Amino acid sequence: MALTFDSKEDAMEYIKQKSEEGYQTKIKNVNNKYIVSVEGELKDFKITDRLGKGIDPKIKEDVIKLNDNGYETSASCEGHQDHAFPSPYIWIDKGISYKQLVKKAEEFNKENNLHAPLKVYIEKVEENSNIIILPPDINDKITRTHERVNNINGIPVKEYTVKARKIMNDFVEYLTENK
């Protein structure tokens, strides 16, 4: 998409707006007209966590939404069926206290009638209130995929991971709408 502006100031204002929305832009001056093209959305860019590692594609939108709404995140995982954790998680460093997040998770679980192993679970990780949001695995304990056979409490791992991602997405939506 490209737009033409008569003044450089108007073009720069548009570029600033699009940049804040997460778009990449280019500007050209052609016959004293400023042509601004929009290249792509933020989700197409390489986004990293605080360690410089990429964010898994199936949780990227949730991480972006949390950060856009004042929750500072530092690590995440989309959940994997063949390695690491089958459950998605997002580590929140700032923007909400541990107690507030636990309360939001309890409200969300109750409103959606969610129970283990598919519910939102909050774990305080460090004293400076780093927090992980995740549906738990077996008996509210975080377990790596390679530590179990083919299912989690009778739910096939593939099905569990898909359902857990949906719950994570719904909880992020709930959290940002009920701030």
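Could you please tell me which pairs satisfy a Cβ distance under 6 Å, a separation of 6+ or placement on different chains, a first residue in the stretch 1-18 that is of a type in the set (Phe, Trp, Tyr), and a second residue that is assigned to a strand (DSSP E or B)?
Short answer, once both residue conditions are applied: 5/34; 14/36.
Does the stretch 145-160 include one or more residues that are assigned to a helix (DSSP H, G or I), closer than 15 Å to residue 119 by Cβ, at pLDDT 80 or above and within 23 Å of the chain's Cα centre (by Cα)?
Start the filter on the stretch 145-160 by keeping residues that are assigned to a helix (DSSP H, G or I), which leaves 145-147, 157-160.
Next cut, closer than 15 Å to residue 119 by Cβ only: 160.
Subsequent filtering for residues that are at pLDDT 80 or above retains 160.
Narrowing the set further to residues that are within 23 Å of the chain's Cα centre (by Cα) leaves 160.
Yes: the stretch 145-160 contains one or more residues that are assigned to a helix (DSSP H, G or I), closer than 15 Å to residue 119 by Cβ, at pLDDT 80 or above and within 23 Å of the chain's Cα centre (by Cα).
If I filter the stretch 5-15 down to residues being surrounded by 11 or more Cβ atoms within 10 Å (Cβ to Cβ) and of a type outside the set (Phe, Trp, Tyr), which single residue comes out as farthest from residue 38 (Cα to Cα)? Steps first, please.
Step one: of the stretch 5-15, the residues surrounded by 11 or more Cβ atoms within 10 Å (Cβ to Cβ) are 5, 7-8, 10-15.
Keeping just the survivors that are of a type outside the set (Phe, Trp, Tyr) gives 7-8, 10-13, 15.
Details: 7: 18, 8: 16, 10: 15, 11: 12, 12: 13, 13: 14, 15: 9 Å.
Per the stated criteria, the residue is 7.
Take the stretch 66-92 and flag every residue that is touching a strand residue (DSSP E or B) at 6+ places or on another chain (Cβ under 9 Å) and either without any contact (Cβ under 8 Å) to a residue 40 or more places away in the chain or in a helix (DSSP H, G or I) (or both).
66, 67, 72, 73, 75, 76, 77
Is it fair to say residue 28 is modelled with pLDDT under 85 and either part of a strand (DSSP E or B) or buried (at least 16 other Cβ atoms within 10 Å of the Cβ) (or both)?
Working: modelled with pLDDT under 85: yes; either part of a strand (DSSP E or B) or buried (at least 16 other Cβ atoms within 10 Å of the Cβ) (or both): yes.
Considered against the rule, which asks whether it is modelled with pLDDT under 85 and either part of a strand (DSSP E or B) or buried (at least 16 other Cβ atoms within 10 Å of the Cβ) (or both), residue 28 comes out as yes.
Given (1) at negative phi; (2) in a loop (DSSP other than H, G, I, E, B); (3) modelled with pLDDT of 80 or more, identify the lone condition not met by residue 166.
(2)
The values are calculated or read from the model by the stated rules, or taken from the named source; none is laboratory data. Everything quoted here is computed from the prediction, not taken from an experiment. Note: ideal-geometry Cβ built from the backbone for every residue, glycine included; neighbour counts use all protein chains shown.
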